[in-house]
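To keep things clear, I will list the structure first and then write my remarks on it.
The values are calculated or read from the model by the stated rules, or taken from the named source; none is laboratory data. Everything quoted here is computed from the prediction, not taken from an experiment. Every residue, glycine as well, gets a Cβ built from its backbone with ideal geometry; the counts of neighbours run over all protein chains shown.
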Amino acid sequence: MSVLSVNAFSQTEYTIDKLFSEFGVEKNIERVKINGFVMTFANFFSDTKGVTGIEACNFENCEDAVKQRFNEAIRQIKDNGYETMVSTSEGGAKTKILVKIKDDVIHELVVLKGGDDPTLVRIKGKIKREDIQKIANENSK
């Protein structure tokens, strides 16, 4: 077996689900998942704009080796069901916002941020593009 084929087998192909399942159980990573009843309850207090679930991983207190593995994993992300909405690189940290769209409605929005302070966030629901633009405009003030 050649070196080239060994390297091909050692690279892992990551999906969004695999990122959450692998990194969400790492030591010192805080994983928060809000869905169903809690989101319905939250809608009584503010307009959640069609959001039915939120899942996030906080890497703040984990080891640098875990952060580095996560950075490598998001470089190898292969999830054909998503399209890139935004991709930026600032100060060595790359950020990507991926969306799953059906009938001009966003069903899933994923934020992947690498660097020293990685972020992994997934928002599910039936969200209109104009609602995201309104939220972005309100928060940019």
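Figures for the structure shown
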{"quantity": "Condition met for Lys128 (modelled with pLDDT of 85 or more, of a type in the set (Lys, Arg) and surrounded by 10 or more Cβ atoms within 10 Å (Cβ to Cβ))", "calculated": "no"}
{"quantity": "Wholly within region 1-65, helices (runs of 4 or more DSSP H) carrying at least 1 residues that are at pLDDT 90 or above, closer than 19 Å to Lys124 by Cβ and of a type in the set (Asp, Glu)", "calculated": "16-23"}
{"quantity": "Enumeration of residues in region 72-122 that are within 14 Å of Phe20 (Cα to Cα), assigned to a strand (DSSP E or B) and modelled with pLDDT under 90", "calculated": "Ile77"}
